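What follows is a set of notes on a single structure, which appears directly below.
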Amino acid sequence: MTVTSREISHTLSCYLASHPDERENAAPLLSILADGADVTARSTMPGHVTCGAAVINDTGKVLLIRHKALQRWLLPGVH
């Protein structure tokens, strides 16, 4: 599933409506979105949006994936 910049912008707007005190922290992302950049592209600078997931089974085990370049165990989707 691909998340679009439009969906990110909408989600951020909803979040800031409930947490207006976070606007300053969100300013860099708001600026990138206002410029029309594709915030889901890794090439977008000064930053881009990524997401990860915590997958936990019913016994409490957490799924981790070995990142080849970083040589670290990470949650799926995070870089």
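Values quoted throughout were computed directly from the atomic coordinates according to the rules given, and no laboratory measurement underlies them. Note that the structure is a prediction, hence the values are computed from the model and not measured. As a convention, Cβ positions derive from the backbone with ideal geometry for all residues, glycine included, and neighbour counts pool all protein chains shown.
Cut-off 10 angstrom, C-alpha nodes, Gaussian network model of the chain. Which of A53, A37, A26 fluctuates the most?
Taking springs between Cα atoms under 10 Å, the residue moving most is A53.
Which one, R66, R23, R42, has the greatest fluctuation when you compute a Gaussian network model over the chain with C-alpha springs under 10 angstrom?
The residue that fluctuates most here is R66.
Which of these, A41, A27, A69, has the largest mean-square fluctuation under a Gaussian network model of the chain (Cα springs below 10 Å)?
Fluctuation is largest for A69.
For the chain, what does the helix formula give at 222 nm: sum of -39500 (n - 2.57) over DSSP H segments with n ≥ 4, over the residue count, nearest 500 deg cm²/dmol?
Taken over the chain, the calculation gives -10500 deg cm²/dmol.
W73 versus H48, label points 7 Å from Cα toward the beta carbon: distance in nm?
It is 2.8 nm.
For q values of 0.25, 0.26 Å⁻¹, compute log₁₀ I(q)/I(0) with the Debye formula on a Cα-only model of the chain, without solvent.
Debye curve over Cα of the chain, log10 I(q)/I(0) at q = 0.25, 0.26 Å⁻¹: -1.12, -1.16.
In nanometres, what is the gap between the two model label sites at V62 and S31, each 7 Å from Cα along Cα-to-Cβ?
Output for this residue pair reads 3.2 nm.
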